[in-house]
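Below is one structure, written out as structure tokens; the observations come after it.
What follows is calculated from the coordinates using simple rules that are stated; it is not laboratory data. All figures in this text were calculated on a predicted structure; none of them were measured in a lab. Glycine gets a Cβ as well: all are built from the backbone with ideal geometry, and neighbour counts include every protein chain shown.
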């Protein structure tokens, strides 16, 4: 629901991945954003209306995204999709972070636009390790994206994990994601995605900066 910049981009991205997509918007002119090559269904109407959702084929849908410009419309539509039609994969775009937390507790996945954008900017402004890429809801576990210091090049990934007390989820290498094995070695330009306990973050980064210990 919603064919603005986010909705149209999302619809095209899903179609590019060979998914069948239906897009709902109250303004038929909004569908122009989808471009001439879009093959999905375009439904004019309010996305929280049950009849409109049925017309869009929600009974056959695997997921529903409410990404209009209105918080109220998005959350109502998300609740109708989840509670009336029994859809489990439901995401709502919410501008108000306070509301997003409330609806998250109700079991509806929310994307708080303002907070997400601010977090993305913070991670690029602050020193390495100041803000994680992800933190679990309890605040116990964090995931950090870390360019590997040059001193670690040539070191096996298992040694980096042992010395820092963290776990490598994956490595960004030459534009691709790589899952490390016991034989993997850190290469120049690697960016590692490290999982660690929040309380250990300072120790992890201190060990990274200190470099590998000699055997």
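Odds and ends about this structure:
- All positions within segment 57-83 that are part of a loop (DSSP other than H, G, I, E, B) and surrounded by fewer than 23 Cβ atoms within 10 Å (Cβ to Cβ): 57, 61, 62, 63, 69, 70
- Residue count for segment 170-207, restricted to those that are outside any loop (DSSP other than H, G, I, E, B) and touching a helix residue (DSSP H, G or I) at 6+ places or on another chain (Cβ under 6 Å): 3
- Answer residue from segment 85-102, given it is within 24 Å of residue 56 (Cα to Cα) and touching a helix residue (DSSP H, G or I) at 6+ places or on another chain (Cβ under 8 Å) and is surrounded by the fewest Cβ atoms within 10 Å (Cβ to Cβ) among those: 88
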